[in-house]
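The values are calculated or read from the model by the stated rules, or taken from the named source; none is laboratory data. Nothing here was measured: the structure is a model prediction, and the numbers come from that model. Using ideal geometry, Cβ is built from the backbone for each residue, glycine included, and neighbour counts are taken over all protein chains shown. What goes into the accessible areas is simple: the full protein's heavy atoms, side chains included, and nothing from ligands, DNA or RNA. Shrake-Rupley method; radii C 1.70, N 1.55, O 1.52, S 1.80 Å.
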Amino acid sequence: MREEGIYIAAFLVCLAAFGCTSKKAAPAELEQAAAEPTAEPEAAPSEPVAVKDPVVEAEEIFNARCVTCHGEKGKGDGPGSAALNPKPRDYTSVEWQKSVTDEHIKTIIIGGGTAVGLSPLMPPNPDLTDKPEVVAALVAVVRNLGDE
Ligand code: HEC
């Protein structure tokens, strides 16, 4: 019994000492720690989407949506291009690459041909409106095909 009492007393002294120093040292940190448990469960489920590399996502989107018309090498000769008039843009044209800004390419990717006064055959991608980093990476894909 007596020994136990000593241990408990020592424990309490210890606790008081640590409690005091950490409270004095960083009250803001403690408040933050107390607030964290409520914030974490909400953030966790969306994490896998948020951490996806935009460059990887852009490449996937390009292969899934753009290659059909613009072709693997961006020459405007994809399998779906034969029936189209006008033809999809040939990204390898140096003249064309020089004639457009990145902003223009971003606008046509999100809003489609009609957003820049071109053919509605160039479809819009409204799901990319809130993914500017993916759109920027798509612009880079289009620009890189122009370099080849
Ligand atoms: C259904 C076929 C089709 C698909 C799919 C398509 N495009 Fe197009 N795209 C076109 C056509 C057709 C044009 C030419 C429009 C014109 O000249 O009026 C075009 C033009 C463009 C241009 C050139 C704009 C300019 O000012 O000359 C860019 C850049 C472009 N597309 C990017 C993309 C990207 C990136 C994707 C994938 C997210 C994509 N396109 C998907 C058909 C398509």
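Here are some notes:
- Among the criteria (1) in a loop (DSSP other than H, G, I, E, B); (2) buried (at least 17 other Cβ atoms within 10 Å of the Cβ); (3) under 19 Å from the mean Cα position of the chain (by Cα); (4) not β-branched (Val, Ile, Thr), the one residue 57 does not fulfil is (1).
- Those helices (runs of 4 or more DSSP H) lying entirely in the stretch 62-111 with at least 1 residues open to solvent by 30 Å² or more (accessible area, probe 1.4 Å) and among the aliphatic types (A, V, I, L, M): 94-99, 102-111
- Cross-chain or 6+ apart pairs with Cβ under 6 Å, the stretch 104-123 first and in the same structural domain as residue 137 (by TED's automatic domain parsing), then of a type in the set (Asp, Glu): none
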